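Visitor: This is the structure I have questions about; it appears just below.
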Amino acid sequence: MPVFKDSEQMYDCIGAVLDFLRQDPKASAAFRKSGLVIRFKYSDPDGEITIDGSQDPIALTCGPADRKPTVDMTMSADTAHQFWLGKLNLVAALNRGAMTAKGPIPAIMKLLPAITPAYKQYPEILRAKGLGHLI
Amino acid sequence: MYGYTGKLLEVDLSTGTTRDLPLDPGLARDYIGGSGLAARLYLDRVGGAPYPAPLDPANPLIVMTGPVAGHLLPGSSRFALCARSPQTGLWGEASCGGFFAPALKAAGYDGLIVTGAASSPVYLLVENGQAELRDAAHLWGRDTYETDDALKAAHGAAARTVSIGPAGENLVCYAAAVHDKGHVAGRTGMGAVMGSKRLKAIVALGKGKPPVAVPAGLKPLRESVVSRQADNLTTQTLKAYGTDGAMYVGSLMGDVPFRNWRNGEWDDDSIQALDGATMAETILTGTGTCHSCSVACKREVAVADGPYIVAKGPGPEYESVAAFGSLLLVPDLAATAAANDRCFETRPHAGHQCVLHLRRSIALGHKSQKPHACEPFSVFGARRSASIARVWPASPLFRHWVAGANMLSAVPTSRRNRNPTAKSRIQ
C-alpha cells in the first residue's frame, strides 16, 4: 500500500520539503548556480513537481508545469518518501532502477551537499501535518 | 564452445614446464568463467583439507577470464587472480580491469594455472598459443612501473603485463599485483602468492579472437548496452567523477569509513573536499578507460605544487581516497593522490590495507614481522605511532614516504621500538 493516500497528500508533503530547500539560502544558491530545471515524476500516486533553478526567485510547481525540464527524475512516491527520510539506499535504488534520471547527471550530483538540511526537516514537516505515523 | 578459447595453460614453476589443458565446456557453462570457475578448478586440483599454505609452492595461483572477456563489449575487461589468501588464510580473489584479459584471450588462453615455485625469479610470456618462462633476475627489486616499461621494451607496446613490486617479492601478506600501470588486483594478497613463486610478472599478447556464436549480433548488442549506460545515473556519475563520485553519496548512507569506521559522520566540507566532484575541479587532468568500456571512470591526476607533488598519471580510486582520506580524517585530495601514487609505483598494495596495518601497529605497538610499506610507522611504540597518525598528512615522515625516501634512516634509533608491548592508547 502506498505511503501517500493521493496526489494531494504527496504534493503537500514532498512539495513542502522542496519548498524548504527553495527558501534555504545554501540550497537555493546551489540551485540558482546550476540553472537546472528539475522535474520529479512520481508514481503511486501519480504526480510531478518541478523546481526551476533558472529563475530568480526559484520557482516550485506542484503538478504539470509549462517549463521544459533539463533533468527528469522518475521514481515512485514511496521511493521519494524514503529518500527524504534518509532511509533509502541510494546506490542500490539507482542500480535497481528504482530511481532513474535523464539529463546532466553530474550537475545533479553536485547539488547533493546542498539538499542535506532537508533530511532533518522532512520528519518535522510530516509531524507538523499530523502525519508522524508515516515516519 | 563460444566465447572461450577452450584452452587453459598449466605452468609448473618448480620444473619450469608448461602444458595446454582443455577447458571443460560443462564447467565453463556451470561456472561462467572468472573467480567461480577458478574456485572449482582450485578445489578439483588441491582436493580437500588440509589445503596448502598460502605461500607454499603447492598453492595454485589461477588467473581466469570469462566468456565475455576479449569481445568488444562493455565490462569485458575483467580477469581474476585467485589462490588461497596469505592475508586471510581463506579463499582469495582479486578482480582487475584494464587490458590483460583481452590480451590473454588473444594469446590463446582462457586462464592460467600456476603451481610450484621457481628457484630464481622468472616471468611468464604467453604469446599466440605459446608459453615460455624467462629469467627475471634483472627485474627483481624493480617497482611495477619500471617492470612494465622493461617488459614492453622487450616484447612491444602491445604486450600486457601483470607484475609485482617489492611488496610482493617480500611476501607482504596483502601485496597486490599490478597490471600495466595503475590497474590493480588489490585484494587478498595475490601479489604475495606471485612473490612466493618467484613469479615477477606475466606477459600476454597475441592476435587471436575467441569465437562468437552470432558475430552480426555483437555490434547491436554493444550499441544497446552503451545506449542504456548513457541514461544510467550511476554510469554517468562514474564517467564524470570516477569511483570517488561515491564519496559524498556514500556518506549520506553511512557507507564511508570515517576514522576506521569509528565515526559515522564527518563535517560536510571535509567530505566534499575528498569527493570525486572536487577531484574533477582540482587535480584531474584526464580520464582513462579499460578495454571496450564507454564509461571511462579511470582518473588521471597531477599535483603541481604544495607539499605533495604528483606527476601526471593514474589517480586515486574511491578506495584509495577513503583509505588515505576519510579513514584517517585527512581532507586533502593532494595528500591522498600522493599516497596512492606511492602505492602504485613502489609499494604495490591496497591502500586501505596499508592504513589498517598502520592502525594495527598503533594498537599493538609492535614491529612488523614482514617488510612493509608502513614499516617506518610500525617500528615506533604506541604513543609515537598514534601521534604520527594524528599529524600524518603534515608530517615530514609522510612526505619522505611519498617522496620515496628511506624512512628508517630518517628516524633516530632512540625512537624505535620504544615500547613494543604497549597496548593501544588511541582514544
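The values are calculated or read from the model by the stated rules, or taken from the named source; none is laboratory data. Predicted model only: the values in this text are computed from it and were never measured. Note: ideal-geometry Cβ built from the backbone for every residue, glycine included; neighbour counts use all protein chains shown.
Visitor: Are any residues in region A:1-49 free of Cβ contacts under 8 Å to residues at least 40 places away in the same chain, under 19 Å from A:Ile125 (Cβ atoms) and within 10 Å of the chain's Cα centre (by Cα), and if so, which ones?
Guide: Within region A:1-49, A:Tyr42, A:Ile49 meet the criteria.
Visitor: Looking only at region B:320-350, filter to residues that are at pLDDT below 90 and not in a helix (DSSP H, G or I); which one of those is nearest to B:Val178 (Cα to Cα)?
Guide: Across region B:320-350, the extreme among qualifying residues is B:Pro348.
Visitor: A follow-up question, please. Quick one: what pairs do we get from region A:101-119, first residue more than 7 Å from chain B (Cβ to nearest Cβ) and assigned to a loop (DSSP other than H, G, I, E, B), second modelled with pLDDT of 85 or more and buried (at least 19 other Cβ atoms within 10 Å of the Cβ), C-beta under 7 Å, 6+ apart or different chains?
Guide: A:Gly103/A:Thr70; A:Gly103/A:Val71; A:Pro104/A:Thr70; A:Pro104/A:Val71
To keep it simple, each residue is scored yes or no on (1) in contact (Cβ under 8 Å) with a residue 60 or more places away in the chain; (2) under 23 Å from B:Ala107 (Cβ atoms); (3) polar (S, T, N, Q); (4) in contact with a Cys (Cβ under 9 Å, 6 or more places away or on another chain).
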| residue | (1), (2), (3), (4) |
| --- | --- |
| B:Asp149 | no, yes, no, no |
| B:Ala159 | no, yes, no, no |
| B:Ile164 | yes, yes, no, no |
| B:Cys173 | yes, no, no, no |
| B:Ala177 | yes, yes, no, yes |
| B:Gly186 | yes, no, no, yes |
| B:Gly191 | yes, yes, no, no |
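Visitor: Which is away from chain B (no Cβ under 14 Å) and on the phi > 0 side of the Ramachandran plot, of A:Gly130, A:Gly53?
Guide: A:Gly130
Visitor: Is region A:71-82 home to any residue that is of a type outside the set (Asp, Glu), in contact with a Cys (Cβ under 7 Å, 6 or more places away or on another chain) and buried (at least 16 other Cβ atoms within 10 Å of the Cβ)?
Guide: no
Visitor: Then there is this: Looking only at region A:62-75, decide whether some residue is closer than 17 Å to A:Ile14 by Cα, more than 12 Å from every other protein chain (Cβ to nearest Cβ), in contact (Cβ under 8 Å) with a residue 24 or more places away in the chain and within 14 Å of the chain's Cα centre (by Cα).
Guide: Yes, some residue in region A:62-75 is closer than 17 Å to A:Ile14 by Cα, more than 12 Å from every other protein chain (Cβ to nearest Cβ), in contact (Cβ under 8 Å) with a residue 24 or more places away in the chain and within 14 Å of the chain's Cα centre (by Cα).
Visitor: Checking the condition in contact (Cβ under 8 Å) with a residue 40 or more places away in the chain and away from chain A (no Cβ under 13 Å), which residue from B:Thr282, B:Thr278 passes?
Guide: One residue alone meets the criteria, B:Thr282.
Visitor: Next question, about the same structure. Determine, yes or no, whether B:Val256 is buried (at least 17 other Cβ atoms within 10 Å of the Cβ), away from every other protein chain (no Cβ under 11 Å), in a loop (DSSP other than H, G, I, E, B) and in contact with a helix residue (DSSP H, G or I) (Cβ under 8 Å, 6 or more places away or on another chain).
Guide: Considered against the rule, which asks whether it is buried (at least 17 other Cβ atoms within 10 Å of the Cβ), away from every other protein chain (no Cβ under 11 Å), in a loop (DSSP other than H, G, I, E, B) and in contact with a helix residue (DSSP H, G or I) (Cβ under 8 Å, 6 or more places away or on another chain), B:Val256 comes out as yes.
Visitor: For region B:326-335, which positions are touching a helix residue (DSSP H, G or I) at 6+ places or on another chain (Cβ under 9 Å) and closer than 15 Å to B:Ala277 by Cα?
Guide: B:Pro331, B:Asp332, B:Leu333
Visitor: If A:Glu124 passes every condition in (1) more than 14 Å from chain B (Cβ to nearest Cβ); (2) surrounded by 15 or more Cβ atoms within 10 Å (Cβ to Cβ) but one, which one does it miss?
Guide: Looking at each condition in turn, A:Glu124 falls short on (2).
Visitor: Ok, one more. Could you tell me whether B:Ser227 is under 22 Å from A:Ala107 (Cβ atoms) and out of contact with any helix residue (DSSP H, G or I) (no Cβ under 6 Å at 6 or more places or on another chain)?
Guide: Criteria met by B:Ser227.
Visitor: Could you tell me which numbered condition A:Ala29 fails, if it satisfies all but one of (1) over 30 Å from B:Arg228 (Cβ atoms); (2) surrounded by fewer than 19 Cβ atoms within 10 Å (Cβ to Cβ); (3) touching a Phe, Trp or Tyr at 6+ places or on another chain (Cβ under 7 Å)?
Guide: It fails just one condition, (3).
Visitor: Quick check on region B:114-138: of everything there that is in contact (Cβ under 8 Å) with a residue 40 or more places away in the chain and farther than 28 Å from B:Arg40 by Cβ, which residue is surrounded by the most Cβ atoms within 10 Å (Cβ to Cβ)?
Guide: The residue in question is B:Ala136.
Visitor: Taking the criterion of being over 23 Å from the mean Cα position of the chain (by Cα) and at pLDDT below 90, would at least one residue in region B:268-275 satisfy it?
Guide: There is at least one residue in region B:268-275 that is over 23 Å from the mean Cα position of the chain (by Cα) and at pLDDT below 90.
Visitor: If you don't mind, there's one more thing I want to ask. Which ones in region B:114-127 are of a type in the set (Ser, Thr, Tyr) and not in a loop (DSSP other than H, G, I, E, B)?
Guide: Within region B:114-127, B:Thr115, B:Tyr123 meet the criteria.
Visitor: Hey, among A:Leu88, A:Leu94, which residue is free of Cβ contacts under 8 Å to residues at least 12 places away in the same chain, in a helix (DSSP H, G or I) and within 11 Å of chain B (Cβ to nearest Cβ)?
Guide: A:Leu94
Visitor: Filter region A:65-81 for residues that are modelled with pLDDT under 95 and more than 15 Å from A:Ala101 (Cβ to Cβ) and give the result.
Guide: Matches in region A:65-81: A:Ala65, A:Asp66, A:Arg67, A:Lys68.
Visitor: Do you know which residues across region A:50-92 are farther than 23 Å from B:Asp231 by Cβ and of a type in the set (Phe, Trp, Tyr)?
Guide: Selection gives A:Trp84 alone.
Visitor: Go through region B:288-302 and give me each residue that's in a strand (DSSP E or B) and aliphatic (A, V, I, L, M).
Guide: Residues satisfying the conditions are B:Val301, B:Ala302.
Visitor: Right, something else. Of all residues in region B:276-285, how many are in a loop (DSSP other than H, G, I, E, B) and under 23 Å from the mean Cα position of the chain (by Cα)?
Guide: Residues flagged as in a loop (DSSP other than H, G, I, E, B) and under 23 Å from the mean Cα position of the chain (by Cα) within region B:276-285 amount to 1.
Visitor: In region B:117-167, which residues are among the aliphatic types (A, V, I, L, M) and in contact with a Pro (Cβ under 6 Å, 6 or more places away or on another chain)?
Guide: Those that are among the aliphatic types (A, V, I, L, M) and in contact with a Pro (Cβ under 6 Å, 6 or more places away or on another chain): B:Ala117, B:Ala136, B:Ala137, B:Ala167.
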